[in-house]
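Worksheet for the structure shown next.
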Amino acid sequence: MKLNLARIKAAAYALHASSDEPLCAYLYDLVQLREHAHHLVNSLPNNCEMFYAIKANSDLPILQTLANEVQGFEVASGGELAWVREHFPSIPVIFGGPGKTNQELQAALRHKVEYIHVESFGELERLAWMTQKQQRNVSILLRINLSLASLPKTTLTMGGRPTPFGIDAQQLPQILDCLKQHPKICLCGFHFHLISHQLDAEAQLELLRGYFEQVHAWQEKYALGIKHINVGGGIGINYREPKKQFDWQRFSEGLSSLIDDCEMGDYQIRFELGRYVTASSGCYVMEVLDLKENLGQHFAVARGGTHHFRTPYAQGHSHPFQVLPVESWVYPFSRREINDCAINIVGQLCTPKDVLVTQAGVKQLRVGDLLLFPYAGAYAWHISHQNFLRHPPPLHHYLQAQQQQQLEELPCAANQ
């Protein structure tokens, strides 16, 4: 997960120099994204596949970059399904998520998704009614909420305790009995997604061991004959300590041994990662509008805020950032600046919750400088309350391969 910040910084300076307004932008490095996705996919064991969960970032250039690297896309709404099928008519698609409407299930049948991930008994009954009425066949996975003694502790739990996600494992016998009455529905396997924000490779391997052992037990108990397991996503980004990221190399190597140890070599094992695929490819850039001291603390008010970049508030952290100095100054009065002190970075919203950084040290920061926030390529713009106060949206700039040389040769125009 290598970030090419030099390329991002050059693009930020170029955008700043060409803008008539204070800069606020998302910059996505599609070169880095392609390389990162390629590495992830090719380091998995042969019987593993990588799908991309588009909820993390569904921008079309992002999807176009990933379509040639991953095996398919995971969608979690009718809107996401329509968006994917509009631009990628033939790419494999799987459809998950709770609360699917009849219209969404109909769309899944119409668009011939590979698997529907069934989340409840009620959803299964509605799907059975549709397939019987239309004389359609459909393949499904059952999303099961397992209670595992070895469930790792993370900041976001999707299962292993009472949640809206998945089917209680104790209901599996009734579900299997129901499926016997509906031959149009083919049970192909199970879907597990119990946690998110996993940063520990060893703990993730132990979680998968629990999945594999449970599937073997069900195979024997119910004579199922399935050969497909979706192990979800859930691998996180360490925003608090960016140098201590999930050890993908250790995980992929350990996964090969785990598959052998658990005799899973003849299964199709599928991942549906989102955040871990795209987060490192994107950065959010804000221009400092004002510096002020208020009751003993310093504040930098910047163009944009959590209505554009909700990640820090949603994750409850102070986001890492870098200062990009801008030397130009057009006003006749002196430029406000702070030196060697702690700063709170906030946006333009009329709420005290519009905070991206809390009490972080800076050597120097001036009005007009740029603030660059890495790891902003996932669950950032797409989870933000974008219309609050109706501020203009940020620019979205995508760095293509052909732009790389041009940007590296570009002078920092904003510094001239």
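The values are calculated or read from the model by the stated rules, or taken from the named source; none is laboratory data. Please read all numbers here as calculations on a predicted model, not as lab measurements. Glycine also receives a Cβ, built like all others from the backbone with ideal geometry; neighbour counts cover every protein chain displayed.
Based on what the data block shows, is PHE309 crowded, with 24+ Cβ neighbours inside 10 Å and either not aliphatic (A, V, I, L, M) or not assigned by TED's automatic domain parsing to the domain that holds ALA10 (or both)? It would help to see each step written out before you state the result.
Details: crowded, with 24+ Cβ neighbours inside 10 Å: yes; either not aliphatic (A, V, I, L, M) or not assigned by TED's automatic domain parsing to the domain that holds ALA10 (or both): yes.
So PHE309 fits the description; yes.
Would you confirm whether or not the range 181-192 contains a residue that is of a type in the set (S, T, N, Q), surrounded by fewer than 18 Cβ atoms within 10 Å (Cβ to Cβ) and more than 16 Å from LEU273 (Cα to Cα)? So that I can check it myself, show each step before the final result.
Here is the first cut: in the range 181-192, the residues of a type in the set (S, T, N, Q) are 181.
Among the residues that remain, those that are also surrounded by fewer than 18 Cβ atoms within 10 Å (Cβ to Cβ) are: 181.
Now drop any that are not more than 16 Å from LEU273 (Cα to Cα), which leaves 181.
Checked the range 181-192: at least one residue is of a type in the set (S, T, N, Q), surrounded by fewer than 18 Cβ atoms within 10 Å (Cβ to Cβ) and more than 16 Å from LEU273 (Cα to Cα).
Please determine whether any residue of the range 235-242 is under 23 Å from TYR115 (Cα atoms), touching a residue at least 12 places away in the same chain (Cβ under 8 Å) and either not in a helix (DSSP H, G or I) or not assigned by TED's automatic domain parsing to the domain that holds LEU141 (or both). Steps first, answer last, please.
Going residue by residue through the range 235-242, those that are under 23 Å from TYR115 (Cα atoms) are 235.
In the following step, the residues that additionally are touching a residue at least 12 places away in the same chain (Cβ under 8 Å) were identified as 235.
Now restrict to residues that are either not in a helix (DSSP H, G or I) or not assigned by TED's automatic domain parsing to the domain that holds LEU141 (or both): 235.
The answer is yes, given that some residue of the range 235-242 is under 23 Å from TYR115 (Cα atoms), touching a residue at least 12 places away in the same chain (Cβ under 8 Å) and either not in a helix (DSSP H, G or I) or not assigned by TED's automatic domain parsing to the domain that holds LEU141 (or both).
Can you confirm whether the range 222-243 contains a residue that is charged (D, E, K, R) and buried (at least 17 other Cβ atoms within 10 Å of the Cβ)? Even if it seems obvious, please write down each step before you answer.
First, pick out the residues of the range 222-243 that are charged (D, E, K, R): 227, 240-241, 243.
Now narrow it down to the ones that are buried (at least 17 other Cβ atoms within 10 Å of the Cβ): none.
Within the range 222-243 (the criterion being charged (D, E, K, R) and buried (at least 17 other Cβ atoms within 10 Å of the Cβ)), the answer is no, since none of the residues qualifies.
Return only the number of the condition from (1) part of a loop (DSSP other than H, G, I, E, B); (2) in contact with a Leu (Cβ under 9 Å, 6 or more places away or on another chain); (3) assigned by TED's automatic domain parsing to the domain that holds GLU123 that LEU44 does not satisfy.
Failing condition for LEU44: (3).
Where in the range 289-391 are the strands (runs of 3 or more DSSP E), entirely inside, with at least 3 residues that are farther than 28 Å from SER196 by Cα and touching a residue at least 24 places away in the same chain (Cβ under 8 Å)?
Details: elements: 297-302, 322-324, 337-346, 355-366, 370-373.
Where strands (runs of 3 or more DSSP E) fall fully within the range 289-391 and carry at least 3 residues being farther than 28 Å from SER196 by Cα and touching a residue at least 24 places away in the same chain (Cβ under 8 Å), they are 297-302, 337-346, 355-366.
Take the residues in the range 278-288 that are in contact with a helix residue (DSSP H, G or I) (Cβ under 6 Å, 6 or more places away or on another chain) and part of a helix (DSSP H, G or I), then tell me which one is nearest to LEU30 (Cα to Cα).
As a first pass, look at the range 278-288 and keep what is in contact with a helix residue (DSSP H, G or I) (Cβ under 6 Å, 6 or more places away or on another chain): 278, 281, 283, 285.
The next check asks that each one be part of a helix (DSSP H, G or I); those that pass are 278, 281.
On the way: THR278: 10, SER281: 7 Å.
Filtering the range 278-288 for residues that are in contact with a helix residue (DSSP H, G or I) (Cβ under 6 Å, 6 or more places away or on another chain) and part of a helix (DSSP H, G or I), the one nearest to LEU30 (Cα to Cα) comes out as SER281.
What's the number of the only condition in (1) within 25 Å of PHE121 (Cβ to Cβ); (2) in contact with a Pro (Cβ under 7 Å, 6 or more places away or on another chain) that LEU255 fails to meet?
(1)
LEU407 is checked against (1) in contact with a strand residue (DSSP E or B) (Cβ under 8 Å, 6 or more places away or on another chain); (2) part of a loop (DSSP other than H, G, I, E, B); (3) modelled with pLDDT under 95 and fails just one. What number does that condition carry?
Among (1) in contact with a strand residue (DSSP E or B) (Cβ under 8 Å, 6 or more places away or on another chain); (2) part of a loop (DSSP other than H, G, I, E, B); (3) modelled with pLDDT under 95, LEU407 violates only (2).
When you look at GLU80, is it part of a helix (DSSP H, G or I), of a type in the set (Asp, Glu), free of Cβ contacts under 8 Å to residues at least 12 places away in the same chain and under 30 Å from SER281 (Cβ atoms), yes or no?
Numbers: part of a helix (DSSP H, G or I): yes; of a type in the set (Asp, Glu): yes; free of Cβ contacts under 8 Å to residues at least 12 places away in the same chain: no; under 30 Å from SER281 (Cβ atoms): yes.
Against the criterion (part of a helix (DSSP H, G or I), of a type in the set (Asp, Glu), free of Cβ contacts under 8 Å to residues at least 12 places away in the same chain and under 30 Å from SER281 (Cβ atoms)), GLU80 does not qualify.
One line per residue, one yes/no per condition, for (1) surrounded by 24 or more Cβ atoms within 10 Å (Cβ to Cβ); (2) out of contact with any Pro (no Cβ under 7 Å at 6 or more places or on another chain); (3) under 30 Å from VAL326 (Cβ atoms):
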position	(1), (2), (3)
ASN4	no, yes, yes
ARG7	no, yes, yes
CYS24	yes, no, yes
HIS38	no, yes, no
ALA53	yes, yes, no
GLY72	no, no, no
TRP83	no, yes, no
